[in-house]
Amino acid sequence: MAERARGGAERADEDVVQLLKRQHQEIRDLFAEVEAASGQGRREAFGRLVRLLAVHETAEEEVVHPAARRAFPSGDKVVDDRLREEREAKEVLSELDGMDTDDPDFMPTLMALRDDILAHADSEERLEFERLRESTEPHKLVRMAKAVRAAEAMAPTHPHPGTESAARSILLGPFAAVMDRTRDAVRKAMGHDK
Amino acid sequence: MSADLTPLIAATTQWLTRAYAPGDDGALGPALAEAQARQAVTAAAWLRYPTELDAALVMISGPGGSGRLDWLTGADCAAPGAPDEAEHAWRTWVDEVVASWAVCLLTDPDLADATAAAVADCEHAFGLPVRFRRVTAPDERDRRAAPLLRHPDLVAPLAALHRADLLERLGTDHVRAA
Ligand SMILES: [Fe+2]
Ligand SMILES: [Fe+2]
């Protein structure tokens, strides 16, 4: 999970607004990094920026915008405005992604994208996140942060303790079936059967 | 939205994005392919393990791993030389049924809508109005980013593995002529 450690300040009780603001700062830093680098370094930094933007906007769209729509009276309008900004930025991002980082048009287009994205992030923080925070119970905001982190988690680097040998074995099919039956039996025993 | 299924979801997503990697050399395509695969896998995992208890049990018993999927697709597991430990480790968290259901959702809008509706109020959502837009309403850029993952013929063998269970789980209301 080395990649997750980058932000540093991550905490279990962090709420979703703190988490997304931290990502906004990471985005700001990465724009500066792309700008400062050249050649292969710029390509590499740009790759990280694009990935973070895709992950960040996906999480907002999945978890935060739907909640904001319900959370305060003008929520629908505020979110629709943010989605429009995200769509516009996505078009510039898509254009930029098809360009070589050494292309003379790359830097001007990147700067235009940066201005759009940072203005969008600022609108989110002022118009959406603050109001979401005012109108949502703190434990729900912490839940939402958990959801965002889950949606960004890397695949585990340690094997499942019980399946190390089974997964490589030709007996996998029957093994999985046995586990399904076990689960069903436990569910029934606990009165959770549908 | 419980963190419990996270390793299963992350590993199954990784298996799908590697098995159906588009070979796009930009940075955006792979990121969007992963984002939609993850949303499909999340919806599928919530449907398969709808309660906290279901999730806890599969985390104890183990999701089964990618053994049969690797064999089915001839995925890179069969690469020359034994796979190293790290490469093997994440594959033990792959859930074959969830992977199969996820490609069903990515290739059939009706199943995607039905599944999103079915999991909207499940325990994992914790009452939050979660939206899997890249699965239920993919835009042009999403589609272009995952041409293999969204190609019904290419994912047919995987989808066919457990589609019948998916239809059964969703109930006959949502079953279309397959
Ligand atoms: Fe945004
Ligand atoms: Fe944002």
Test result for residue B:12, among the hydroxyl-bearing types (Ser, Thr, Tyr), within 10 Å of chain A (Cβ to nearest Cβ) and open to solvent by 20 Å² or more (accessible area, probe 1.4 Å): no
Flag for residue A:115 being in a helix (DSSP H, G or I) and either among the hydrophobic types (A, V, I, L, M, F, W, C) or open to solvent by 40 Å² or more (accessible area, probe 1.4 Å) (or both): yes
Complete set of residues in the stretch A:16-51 that are open to solvent by less than 20 Å² (accessible area, probe 1.4 Å) and under 19 Å from residue A:128 (Cβ atoms): A:16, A:17, A:19, A:20, A:23, A:24, A:27
Selection count where residues are over 16 Å from the mean Cα position of the chain (by Cα) and β-branched (Val, Ile, Thr), scope the stretch B:97-143: 1
Total residues in the stretch A:72-91, condition open to solvent by 30 Å² or more (accessible area, probe 1.4 Å) and within 16 Å of ligand 2 (Cβ to nearest atom): 8
Lone unmet requirement of (1) within 15 Å of ligand 1 (Cβ to nearest atom); (2) within 26 Å of residue B:128 (Cα to Cα) for residue A:92: (2)
Helices (runs of 4 or more DSSP H) contained in the stretch A:1-102 and holding at least 2 residues over 26 Å from residue A:156 (Cα atoms) and in contact with a helix residue (DSSP H, G or I) (Cβ under 8 Å, 6 or more places away or on another chain): A:16-36, A:65-71, A:75-97
Close pairs from the stretch A:82-110: first in contact (Cβ under 8 Å) with a residue 24 or more places away in the chain and closer than 13 Å to residue A:49 by Cβ, partner open to solvent by 50 Å² or more (accessible area, probe 1.4 Å) and within 16 Å of ligand 2 (Cβ to nearest atom), Cβ under 6 Å, at least 6 apart: A:89/A:116
Search result, residues across the stretch A:129-152 that are more than 17 Å from residue B:130 (Cα to Cα) and buried (at least 18 other Cβ atoms within 10 Å of the Cβ): none
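The values are calculated or read from the model by the stated rules, or taken from the named source; none is laboratory data. Not measured: the values here are computed from a predicted model. Backbone-built Cβ (ideal geometry, glycine too); neighbour counts: all protein chains shown. Side chains included, ligands, DNA and RNA excluded: accessible areas come from the protein's heavy atoms. Shrake-Rupley method; radii C 1.70, N 1.55, O 1.52, S 1.80 Å.
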